[in-house]
Amino acid sequence: MPLSEDSEILSSFRGLEYSPVFSRKRGSGGVPISAEQLTRKFLQKISCAGEAADLNSKIAEKWEGCVGKKFVSKCAPINVRLNVLYVSACNSAVRQELIFLEKSILKNLHSIEGCSKIKKIKVL
């Protein structure tokens, strides 16, 4: 019996419902993919990660313009993920101020090329 199939006897022994197929089959239909295809998929994933790193560096370069001189030394952008900018604050007072200033920070961020998709700021 292939590993991708279950049997009624094993299911009853385990005390579980019978499921004829319990694992997901490969997207390639069980046929191994070539090294060239695997490399192409890997490079596509890396290029997406490279775009995110580029966006993070753009934000870091223009961070003072986004938050102002008062906060630039007290907070820093960490990462952008799922249209949310994560920001590190040095203490709770700064965190609270940044939360109050979220709309104006977002407005300043949207002026940076590639940052228009950021919809929220999460201050940590």
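Go through segment 68-87 and count every residue that is among the hydroxyl-bearing types (Ser, Thr, Tyr) and either out of contact with any strand residue (DSSP E or B) (no Cβ under 8 Å at 6 or more places or on another chain) or more than 21 Å from residue 117 (Cβ to Cβ) (or both).
1
Within segment 45-91, take every residue that is at positive phi and under 11 Å from the mean Cα position of the chain (by Cα) and give me the one that is surrounded by the most Cβ atoms within 10 Å (Cβ to Cβ).
83
Check residue 42 against each of (1) closer than 30 Å to residue 117 by Cα; (2) modelled with pLDDT under 75; (3) among the aromatic types (Phe, Trp, Tyr) and name the one condition it does not meet.
Among (1) closer than 30 Å to residue 117 by Cα; (2) modelled with pLDDT under 75; (3) among the aromatic types (Phe, Trp, Tyr), residue 42 violates only (2).
The values are calculated or read from the model by the stated rules, or taken from the named source; none is laboratory data. Since the structure is predicted, the reported quantities are computational estimates derived from the model, not experimental observations. Note that each Cβ is placed from the backbone with ideal geometry, even for glycine, and that neighbours are counted across all protein chains shown.
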